[in-house]
Amino acid sequence: MNSGKILSGKKVAEEIRAEAARDVAELAGSGVRPQLDVVLVGDDPASKVYVGSKARACDRLGMASNTHRLPEDVAQARVLDLVHALNADPEVDGILVQLPLPGSLDTHRILDAVDPAKDVDGFHPTNVGLLQQGRPRLVPCTPLGIMELLRREGIGVEGRRAVVVGRSDIVGKPMAMLLLHAHATVTLCHSRTRDLASVTRQAEILIVAAGRRALIGPDHVAEGAVVIDVGMHRLTTEDEVESLFPGDEERRRRFADKGSVLTGDVDFVRVLPRAARITPVPGGVGPLTIAKLMANTVAAARWRRGV
Ligand code: NAP
């Protein structure tokens, strides 16, 4: 495996966290301790894991965090009351509503209720609009982390053809907007895109956030492209692991240990020979997202408190 090609999100995430930790120490000098409050509704196991790692990340940086757990069948009014209370609490710098919310709740209404100044996920329409206008304030963490990875790895964006697969509000759309503002020529693909491979083969920078395991194979990728894989999927059988990672003893060992291994939207092993640079799963985009959440919370604390 050509490890020089592999973009380590983990390494860049460590750099971002180290900078956030320095900021936290500096803010402590002004008597400020940034605080992130997470709203977790229901018992979704993946959400619980994500919320746990966000709380641990805050802890490690010396930031305060609270998780507000609400039952699956909670009334919408109760969630809104909690969000309003967090908006009004001067100690709270960042509010994150863990998605997905149960189907009985109106996700837009709840996200719209978050104070835009505390919206560290960047999902509030005010922050979405500011990003659209090219004057970003709080920007969704995953695309922000990817831009940071490209910048720190010296991968130029200006004037290059970038293709984003996936048009979600969380990843695809803000990703396309950030690339556009960085002067890339951007194409945004989705499930109705005809002949996806012919479009993605145009990409010098290909960013995949489709939520489809191994959607992108070698035929989708131009020789020398930079490939960023946002997808996250759990392989739960040995056959799945062997078909995507043939002969990969390390991954087999991890599977034997944990009963599953992660993979992305890109068929990593088969795309690797064509790509100039490529992010792995795990260790690629995932760590960047949490690191940027920490950085966004510190930034929100600075702006709102004027320090
Ligand atoms: P999402 O809301 O489900 O959106 C998926 C997008 O992909 C949609 O726009 C969909 O098109 C498009 N799509 C689906 N199948 C496609 C296909 N066959 N060809 C082309 N486009 C297709 O997903 P998301 O929230 O953006 O997340 C995407 C993936 O990233 C998931 O695996 C998620 O777990 C992962 N993720 C990872 C991180 C991280 O930190 N690593 C963060 C966020 C998300 P339509 O709009 O037409 O339906």
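Summing Lys, Arg as +1 and Asp, Glu as -1, what charge do residues with Cβ under 13 Å from the Cβ of VAL12 carry, VAL12 excluded? The partial results should precede the final answer.
Working: positive: LYS10, LYS11, ARG17, ARG151, ARG152, ARG277, LYS292; negative: GLU14, GLU15, GLU19, GLU148, GLU153.
Combined, the nearby Lys, Arg, Asp and Glu give +2.
Rounded to whole Å, give me the distance from the Cα center of segment 13-53 to that of segment 243-307.
18 Å
Which whole-number percent gives the relative contact order of the chain, counting Cα pairs below 8 Å spaced six or more residues apart? Present the calculation step by step, with values, prior to reporting the outcome.
On the way: 571 pairs, mean separation 66.4, N = 307.
Computed value for the chain: 22 percent relative contact order.
Lys/Arg Cβ at +1, Asp/Glu Cβ at -1, dipole of the chain taken about the Cα centre: which of GLY172, SER191, GLN132 is farthest positive-ward?
Final value for the positive-end residue is GLN132.
Give the percent of DSSP beta bridges with both residues in the chain that are antiparallel, rounded to the nearest 5.
Beta bridges within the chain, antiparallel portion: roughly 10 percent.
Any idea what the dipole of the chain comes to, in debye rounded to 20, about its Cα centre with Lys/Arg Cβ at +1 and Asp/Glu Cβ at -1?
My answer is approximately 640 debye.
What is the sum of charges, Lys and Arg at +1 and Asp and Glu at -1, for the other residues whose Cβ falls under 10 Å from the Cβ of ALA64?
Taking every other residue near ALA64 into account, the sum is -3.
Report, largest value first, the span of the C-alpha coordinates of segment 43-122 along each principal axis, in whole Å.
Its Cα atoms span 35, 29, 19 Å along the three principal axes.
Which translational diffusion coefficient, to the nearest whole µm²/s, is obtained for segment 141-223 from the Stokes-Einstein equation, given a Kirkwood hydrodynamic radius over C-alpha pairs, 37 °C and 0.692 mPa s?
257 µm²/s
Full extension from ALA77 to ILE155: what is 0.36 nm times the residue separation minus their Cα-Cα distance, to one decimal in nm?
23.5 nm
For the chain, which span is the longest to avoid every loop-located (per DSSP) member of GluC sites (Glu not before Pro) having at most 10 other Cβ atoms inside 10 Å?
On the way: sites that count: GLU158, GLU223.
Between the exposed loop sites, the longest stretch runs 1-157.
Distance in nm between label sites at HIS190 and GLN202, each 7 Å beyond Cα in the beta-carbon direction?
That separation, rounded to one decimal, is 1.7 nm.
List, in the order given, every pair from LYS54/LYS173; LYS54/LYS118; LYS10/LYS173; LYS118/LYS292; LYS5/LYS258 whose Cα-Cα distance in the structure shown is over 21 Å.
Distance filter (> 21 Å) returns LYS54/LYS173; LYS10/LYS173; LYS5/LYS258.
Using the Kirkwood radius over C-alpha pairs as Rh, can you work out the diffusion coefficient of segment 141-288 via Stokes-Einstein at 4 °C, viscosity 1.567 mPa s, in µm² per second?
84 µm²/s
Nothing charged except the Cβ atoms of Lys and Arg (+1) and of Asp and Glu (-1): what's the magnitude of the dipole of segment 31-118 about its Cα centre? Round to the nearest 20 debye.
Working: 9 positive and 13 negative charges, 69 e Å.
Taking the Cα centre of segment 31-118 as origin, the dipole is about 340 debye.
Anyone know which of GLY224, GLY31, GLY283 comes out most mobile in the 10 Å Cα GNM of the chain?
Checking each option, the largest mean-square fluctuation is seen for GLY31.
The numbers here are math on the coordinates, done by the rules we state, and not lab data. All of these numbers come straight from a predicted model, not from anything done at the bench. Backbone-built Cβ (ideal geometry, glycine too); neighbour counts: all protein chains shown.
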